[in-house]
Every structure is written in C-alpha cells, then in structure tokens.
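Have a look at the structure below, then the notes.
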Amino acid sequence: MFEEISTFSFPTRIHFGCGAVKQLAAYLKETGVHKPLVVTDPGLRATPVLNSVVSVLKEAQIPHEVFPDVHGNPIEEDVLGAAALYRLAGCDGAIGLGGGSSLDVSKAAVVMARYDGALIELEWQAGGTEKMVGPYDPIIAIPTTAGTGSEVGRSSVITSHKLGRKIIIFSPWLMPKRAILDPELTVGLPPFLTAATGMDAFTHCLESLTCPVFHPICDAIAIHGLELVIRYLERATRNGQDLEARGYMQVAASMGAIAFQKDLGATHSLAHPLSTEFGLNHGLANALCLPAVMRFNLEAAAPHYARLAALFGVTARPMTEREAASRAVQEVESMLDRLGITRGLRHHGVPRESLGPLSPKAFEDSCHKTNIRPCTQDDLMRLYEESW
Ligand SMILES: [Fe+2]
C-alpha cells in the first residue's frame, strides 16, 4: 500500500472577485513585471474587456505591448508571433487575457521567447518537459471564459499544422504566477460559449475524478467542482448577468483544472481531433463525446458516477450502484439538452466518413492513457460512432 510517492501542489495564487482586475498593477509589481505583453484574441479587441485591462496599465504608467491575434483554436504561429513581439519589445512578463486559447499562447510564448528550437520539440509526448528549464518570466492569467481553467494549469495546448494535430506542452514552469478571476469579465460571454466552456470544466472534473491516479485532494476538488457546475452553469447560460452564477462557474473552471493535474480521459482524446480537423469549440467537442465515454466507462467508474447521480439530486438508495451510474449518464444528457447543446456530432459539421480518419488521431492523443477503462483505437472509433 502507498509504495509510490505522490506529490501534491497547488501553487497559483488566485485573486477572485468583482473588480479584481483593477488590482492588476499591484499584482504586476508584486511579481516583478515592468513591461508585460498582453496576449489576447481579435474578439476581445472590440470589447470593453481589453480596454479595462489596458486602462489599468495606462493609469499606472506601465509600458506594455498587446498581441491581439490568437486564434480560437490556437496555432503554432500564434505562439511564435507573440514570442517574437515579446523579445522585440523587451517584455519581462505576459498577461494572458481571454479564453483558454489566449492563456495557453501566453504561457507558450514566454517559454519560446527564450527557446531557440522549434515549438514541437517541447511537446510533452516527445520528452519536451525536460527541455524547459525555468524559471521563466511571470505569467498573469485573466480568464474571460469559465471552462479551460488554463489559469491554474501547467499545460498549453497548441495546434501544429506540421504535425496535423494538437500538441500538449506540459511543465510546472507554465503555471501562471497569478490568476485574476473577475466575474464581471465573463458577463459578455454569449449563451452558447457559456454552455460549451462550462461543459469543458464539467468534463475536466469528471475525467480527473475517474482517472486512476492517486490524488484524493484533487478528487475532493473535482467533486465540488462538479457540484458547482450542476448548480450554476444553467443559470449562467440563461442569464449572463447573473454574477453569482458567473463567479461560481469561474471558480469551478479553476477547480477543474486544478483537479486534472491528476490527468484526463478518453473524452479529451476524442475532442482534440474534432477541434483540429473541424474547428469545433473544445468544450462543445467534449460535451458531444462525454455521454458515450461515460457509457463505455460505466462498469469501471460506477462508484464515481453513482456519486455524480447524487450530485444531480438522484437518490441512490433504492437503486444499485450500477443503476445510479446509468442515471448519471442520463442526467448529463438532460443537462446538455437544457443548455441548448444539440447532441450528435452529425449536427455540428462532422461527416460520418471522417470518423475513420479521426480515430487514429484520437488514439495518438495521450489523454485516453489515463482513462479509467483502457481503450484501443477501435474503442475510440466506436465512441465516435456512438457520439455521431
Ligand atoms: Fe478541456
């Protein structure tokens, strides 16, 4: 028992609350950043969100640069462009502002600003973690969605067109020094993106809870994260101005990413190629594949799913654990319906004949290696078909 040594750490300092972004200048000072690069996406450029950050910097007379070109599913060129501007402008820290894409690019850019090789050399699967020798300049993450939890995560997911897939860069050095969770920054997020990104947080919590890595602290965080998503995601989706729901969803998203330092599962392996090949929003791709993966895992994950059923308010007493686990799958499907997410990959521009070529890509993705039930490439193909 307990022969293996486990390491538990939760190092990112989180500042949570309405107006937290106004303290940005103080947080930069505390982390020793004098000239930050703000990394964001074109969608935010036209909104008051970017302006709220830039005006804090201007008011505090902090010189800065803005890289506003991050793609919805970030690509290698985003990282290289941001890193080039970072070096050129002599920046000494990055502010990731936006959804997971901007945050992930800000993390990778800080590393690439100092790395002479190619980004793909840093891929986790290719032994890239050892090539990142920090400490790197500080990263301050300001999420404007509530889903990826990248603000507290130690990975960055970037699409490499050279490899034709997403690569995962993973290192404790990628963890932001600070995360600013300001619920007011998420009120402008439209209902579809609120629901989709929220389902990413839900999937993080559930896949990390079920993945067979010993981390009871993350398990507890995952369970409460699931509870928060069940309680608040529909509210935040129906009424974007509901600051209580927005705030708890931001917290749930961070909890999901803290929990998945354990690891993830097959849903994420299925989801990644759907984004690379068909541009599906990452949270949506997870939401569409999750019920099939839950059915696949039902036997192995029954105790966890029975617990999930209880969080949905299903009373397990007159049921067997297996029956309660099945009810959890139905509850997830009903939640997707209530969120307005149309189930079925067929309804989201994924042709049936693409499932064959997608499955080797899903198998190549490392997330399924920690799925509670081991899966083959054929299993992943069947899961795509079931999700179609
Ligand atoms: Fe995710």
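The values are calculated or read from the model by the stated rules, or taken from the named source; none is laboratory data. Just so it is clear, the model here is predicted, and its values are computed rather than measured. We place every Cβ from the backbone using ideal geometry, glycine too, and count neighbours over all the protein chains shown.
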Across (1) more than 16 Å from the ligand (Cβ to nearest atom); (2) among the acidic types (Asp, Glu); (3) modelled with pLDDT of 95 or more, residue 200 clears everything bar (1)
Please state which one of 378, 365 is exposed (fewer than 15 other Cβ atoms within 10 Å of the Cβ) and either within 30 Å of residue 167 (Cβ to Cβ) or not hydrophobic (A, V, I, L, M, F, W, C) (or both).
-> 378
Out of 269, 275, 254, 208, report the one residue that is within 14 Å of the ligand (Cβ to nearest atom), farther than 14 Å from residue 367 by Cβ, polar (S, T, N, Q) and part of a helix (DSSP H, G or I).
-> 254
Residue 300: passes all of (1) more than 16 Å from the ligand (Cβ to nearest atom); (2) in a helix (DSSP H, G or I) but (2)
What pairs come up if the first residue lies in the range 189-202 and is touching a residue at least 24 places away in the same chain (Cβ under 8 Å) and acidic (Asp, Glu), the second is near the ligand (Cβ under 10 Å from one of its atoms) and in a helix (DSSP H, G or I), and their beta carbons are under 7 Å apart, counting only those six or more places apart or on different chains?
-> 200/282; 200/283; 200/286
Scanning the range 304-342 residue by residue, the ones that are not hydroxyl-bearing (Ser, Thr, Tyr) and not in a loop (DSSP other than H, G, I, E, B) total 23
Selection status of residue 147, buried (at least 19 other Cβ atoms within 10 Å of the Cβ) and part of a strand (DSSP E or B) = no
Taking the range 72-100 and keeping residues of a type outside the set (A, V, I, L, M), touching a strand residue (DSSP E or B) at 6+ places or on another chain (Cβ under 9 Å) and in contact (Cβ under 8 Å) with a residue 60 or more places away in the chain leaves 73, 74, 76, 78, 92, 93, 96, 99, 100
Matching option when the condition is outside any loop (DSSP other than H, G, I, E, B) and buried (at least 24 other Cβ atoms within 10 Å of the Cβ), among 220, 245 = 245
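So, in the range 147-187, how many residues would count as being more than 16 Å from the ligand (Cβ to nearest atom) and aromatic (Phe, Trp, Tyr)?
Residues that pass the stated criteria total 1.
Residue-by-condition table, conditions (1) part of a helix (DSSP H, G or I); (2) surrounded by 19 or more Cβ atoms within 10 Å (Cβ to Cβ); (3) more than 20 Å from the chain's Cα centre (by Cα):
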position: 70; (1), (2), (3): no, yes, no
position: 80; (1), (2), (3): yes, no, yes
position: 87; (1), (2), (3): yes, no, yes
position: 91; (1), (2), (3): no, yes, yes
position: 107; (1), (2), (3): yes, yes, no
position: 111; (1), (2), (3): yes, yes, no
Any hit, the range 222-237, residues being within 28 Å of residue 132 (Cα to Cα) and more than 14 Å from the ligand (Cβ to nearest atom) | no
Failed item, numbered, when residue 75 is tested on (1) in contact with a Pro (Cβ under 7 Å, 6 or more places away or on another chain); (2) closer than 23 Å to residue 148 by Cα; (3) not acidic (Asp, Glu) = (1)
Out of the residues in the range 167-197 that are part of a loop (DSSP other than H, G, I, E, B) and over 17 Å from residue 151 (Cβ atoms), which is modelled with the lowest pLDDT?
-> 188
Pair list, Cβ under 8 Å, 6 or more apart: the range 339-362 residue closer than 14 Å to residue 276 by Cα, other residue at pLDDT 95 or above and exposed (fewer than 11 other Cβ atoms within 10 Å of the Cβ) = 359/378
Looking at residue 141, is it in contact with a Phe, Trp or Tyr (Cβ under 8 Å, 6 or more places away or on another chain), touching a residue at least 12 places away in the same chain (Cβ under 8 Å) and buried (at least 22 other Cβ atoms within 10 Å of the Cβ)?
-> no
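Let's see how each residue does on (1) surrounded by fewer than 24 Cβ atoms within 10 Å (Cβ to Cβ); (2) touching a Lys or Arg at 6+ places or on another chain (Cβ under 9 Å); (3) at positive phi:
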| site | (1), (2), (3) |
| --- | --- |
| 160 | yes, yes, no |
| 164 | yes, yes, yes |
| 175 | yes, yes, no |
| 180 | no, no, no |
| 187 | yes, yes, no |
| 200 | no, no, no |
| 204 | no, no, no |
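Every residue, every condition in (1) among the small types (Gly, Ala, Ser); (2) closer than 15 Å to residue 222 by Cβ; (3) over 25 Å from the mean Cα position of the chain (by Cα); (4) buried (at least 22 other Cβ atoms within 10 Å of the Cβ), yes or no:
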| position | (1), (2), (3), (4) |
| --- | --- |
| 289 | no, no, no, yes |
| 293 | no, no, no, yes |
| 309 | yes, no, no, yes |
| 317 | no, no, yes, no |
| 323 | no, no, yes, no |
| 326 | yes, no, yes, no |
| 329 | no, no, no, no |
